[in-house]
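I'd like to ask you about the structure that follows.
The values are calculated or read from the model by the stated rules, or taken from the named source; none is laboratory data. Just so it is clear, the model here is predicted, and its values are computed rather than measured. Cβ: placed from backbone, ideal geometry, glycine included. Neighbour counts: every protein chain shown.
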Amino acid sequence: MTEGDVAATGTRQNYILGIDTSCDDTGVGIVSLEAGGAVQVRANRIWSQTVHAQYGGVMPELASREHVERIDEIVQGALAEAGLRLSDLTAVAATSGPGLVGALLVGLMYGKGLAQALDVPFYAAHHLEGHIYAAASEAELELPYLALVVSGGHTHLFDVQHAGEYRLVGATRDDAAGEAFDKVARLAGLGYPGGPAISEAATRGDPTAVPFKEPLQGQKGFDFSFSGLKTAALLASRAGARPDDLAASFERAAVSFLVKTTVRAARALGRTTVVISGGVAANQALRAAFAATDLRAVFPGKGLNTDNGAMIALAGAAAVQAGRAPSALTVGAEAYAPLANVEAQVD
């Protein structure tokens with residue numbers, strides 16, 4: 001450890017290791033927490049499982065087995081990337097939910113065991129809060145702001161008025177956005193995962209070829225729905241729509257719906273900043289559409305869009321900064337774990 005790793009107060013610099021095994025990516029990240037409160041990502045290692053491509057979706061049992069086989073290797077890789085030893089870690093965080101229970105348990109049990117062996121605090125982290133921290137860490141943000149988490153399993157819109165307090169103002173009523181991308185890509189024969197496949201095919205297609213109708217027209221709230229777009233894509237595919245045109249038209253409709261709904265919510269709540277995170281946040285059309293609005297749009301940095309361990313380490317660092325008590329080692333995995341902790345939901 002160098003001289004710079006010792007804070008001016010004489011206390012050791014904090015290094016927090018984060019683990020995410022909520023679905024099909026084994027993510028391990030390490031962040032440093034400086035004495036002045038600055039947080040820096042030191043490592044972010046992800047093992048993306050390819051075994052699921054042949055099924056067109058994630059097979060939970062296979063995902064759990066892959067996590068078991070890979071997690072120790074990924075932890076060692078993250079330590080090497082950060083130039084640290086296990087003994088340098090001062091805290092461990094792991095996702096406890098939401099996600100696939102079998103997959104969650106792998107990272108959760110590994111993290112708890114590691115913290116216990118090192119005699120350091122353990123923090124159970126919420127997967128969606130991790131995504132929000134992944135984007136929020138990229139810029140100096142003033143509260144309040146909106147947070148749009150848009151991924152393969154989640155499409156949630158939160159109003160963040162105070163640190164650690166989340167008011168749910170909108171959520172998907174059916175499919176998550178990323179799930180819809182996967183399903184439309186499969187319909188078009190474009191492969192898995194669907195997000196990158198749709199985006200790549202869309203560059204060759206006509207975004208006006210398939211006249212998708214905007215979902216939930218006239219709604220008073222800020223919910224999302226993608227089942228109608230998915231059904232329309234199925235009908236268009238059966239009618240002979242070219243895969244590239246289908247991809248371009250679907251991407252245009254989905255992105256427009258996400259952006260319009262978020263902008264309406266921002267105007268209704270008086271917010272000027274929105275952080276957008278999750279796997280779909282990597283979509284370039286989505287980024288361009290938000291850039292064309294009057295909102296300040298903040299996205300995660302490279303490698304922080306999809307599920308990853310660095311975002312969980314960031315959540316752990318926030319817990320350390322806030323002086324939060326460590327989680328009990330009896331904490332379990334939760335398939336469904338709402339993040340909203342403020343009672344009122346905006347209508």
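Provide a single number: the residues in region 275-317 that are buried (at least 24 other Cβ atoms within 10 Å of the Cβ) and among the aliphatic types (A, V, I, L, M).
So the count comes out to 13.
Just name the residue that is farthest from L128 (Cα to Cα) out of those in region 289-310 that are polar (S, T, N, Q) and modelled with pLDDT of 95 or more.
T293
Could you pull out every one of the strands (runs of 3 or more DSSP E) wholly within region 100-180 that has 1 or more residues that are in the same structural domain as V280 (by TED's automatic domain parsing) and of a type in the set (S, T, N, Q)?
Details: elements: 122-126, 145-150, 155-162, 165-171.
In region 100-180, the matching strands (runs of 3 or more DSSP E) lie at 155-162.
Identify, please: which residue in region 1-34 is modelled with pLDDT under 80 and assigned to a loop (DSSP other than H, G, I, E, B) and is, among those, nearest to E334 (Cα to Cα)?
T11
Out of everything in region 134-165 that is of a type outside the set (A, V, I, L, M) and at pLDDT 95 or above, what residue ends up being surrounded by the most Cβ atoms within 10 Å (Cβ to Cβ)?
Within region 134-165, the match that is surrounded by the most Cβ atoms within 10 Å (Cβ to Cβ) is T155.
Output the residue which, of all residues in region 88-132 that are of a type in the set (G, A, S) and within 19 Å of Q40 (Cα to Cα), is farthest from the chain's Cα centre (by Cα).
Step by step, filter region 88-132, then rank; the result is A91.
Anything in region 104-133 that is out of contact with any strand residue (DSSP E or B) (no Cβ under 9 Å at 6 or more places or on another chain) and of a type in the set (A, V, I, L, M)? List them, or say none.
Residues satisfying the conditions are L105, A117.
Provide a single number: the residues in region 73-99 that are assigned to a strand (DSSP E or B) and either surrounded by fewer than 18 Cβ atoms within 10 Å (Cβ to Cβ) or out of contact with any strand residue (DSSP E or B) (no Cβ under 8 Å at 6 or more places or on another chain) (or both).
Adding up the residues that qualify gives 0.
With the requirement that a residue be surrounded by fewer than 24 Cβ atoms within 10 Å (Cβ to Cβ) and hydroxyl-bearing (S, T, Y), what does region 26-44 give you?
Across region 26-44, the qualifying residue is only S32.
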